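Written out below as structure tokens is the structure these notes cover.
The values are calculated or read from the model by the stated rules, or taken from the named source; none is laboratory data. Quick caveat: nothing in here was measured; it's all calculated off a predicted structure. So basically every Cβ, Gly included, is an ideal-geometry build from the backbone, and we count neighbours across all protein chains shown. In case anyone asks, the SASA skips ligands and DNA or RNA and just uses the protein heavy atoms, side chains included. Shrake-Rupley method; radii C 1.70, N 1.55, O 1.52, S 1.80 Å.
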Amino acid sequence: MTRVVHDAELCEAHGICTTIDPGRFELDDDDRLQVHSYEVADADRPAMEQAVIRCPRQALSLQD
């Protein structure tokens, strides 16, 4: 199964991913990204690919 990988050291919490998949990604009260689910279903892969592409710091990636 595909998994989303989040590099917290690269992440600057721009929040673009939270607009793409608000059920999976959320900014906490300290503006740190929280990932609620790392496993990516096949149906969710196109959205996750967009989150990876649009991340300005390249802090997200997909791993098969």
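Please give the charge dipole size of the chain, origin at the Cα centre, charges +1 on K and R Cβ atoms and -1 on D and E Cβ atoms. Round to the nearest 20 debye.
Details: 6 positive and 14 negative charges, 46 e Å.
For this selection, approximately 220 debye.
Would you please give the FRET efficiency between LEU27 and MET1, computed as 1/(1 + (r/R0)^6) with r the Cβ-Cβ distance and R0 = 30 Å, to the nearest 0.05?
Working: r = 26 Å, r/R0 = 0.85.
FRET efficiency, LEU27 to MET1: 0.70.
Quote the relative contact order of the chain in percent (integer), defining contacts as alpha-carbon pairs under 8 Å separated by 6+ residues.
49
How much accessible area per residue does the chain have, in Å², with a 1.4 Å probe? The partial results should precede the final answer.
On the way: 4280 Å² over 64 residues.
Here the residues of the chain average 67 Å² of exposed surface.
Please report, as a whole percent, how much of the solvent-accessible surface of the chain comes from carbon and sulfur atoms (probe radius 1.4 Å).
43
Report the full-extension gain for the segment LEU62 to GLN50: residue separation times 0.36 nm, less the Cα-Cα distance, to one decimal in nm.
On the way: separation 12, 0.36 × 12 = 4.32 nm, distance 1.08 nm.
Full extension of this stretch gives 3.2 nm more.
Of all trypsin sites (Lys or Arg not before Pro) in segment 28-64, which ones are in loop regions per DSSP and have a Cβ with at most 13 other Cβ atoms within 10 Å? Walk me through the numbers on the way to the answer.
Details: sites: ARG32, ARG54, ARG57; in loops: ARG32, ARG57.
For trypsin sites (Lys or Arg not before Pro) across segment 28-64 that sit outside H, G, I, E and B with at most 13 neighbouring Cβ atoms in 10 Å, the list reads ARG32, ARG57.
Identify the GluC sites (Glu not before Pro) of the chain meeting these criteria: DSSP loop state and at most 11 other C-beta atoms within 10 Å of the C-beta. Kindly include the intermediate steps, with their values, before the conclusion.
On the way: sites: GLU9, GLU12, GLU26, GLU39, GLU49; in loops: GLU9, GLU12.
Those that pass, being in a loop and sparsely packed, are GLU9, GLU12.
Using every Cα-Cα pair within the chain, state what percent have a distance larger than 14 Å.
Details: 994 of 2016 pairs.
When every Cα pair of the chain is considered, 49 percent fall beyond 14 Å.
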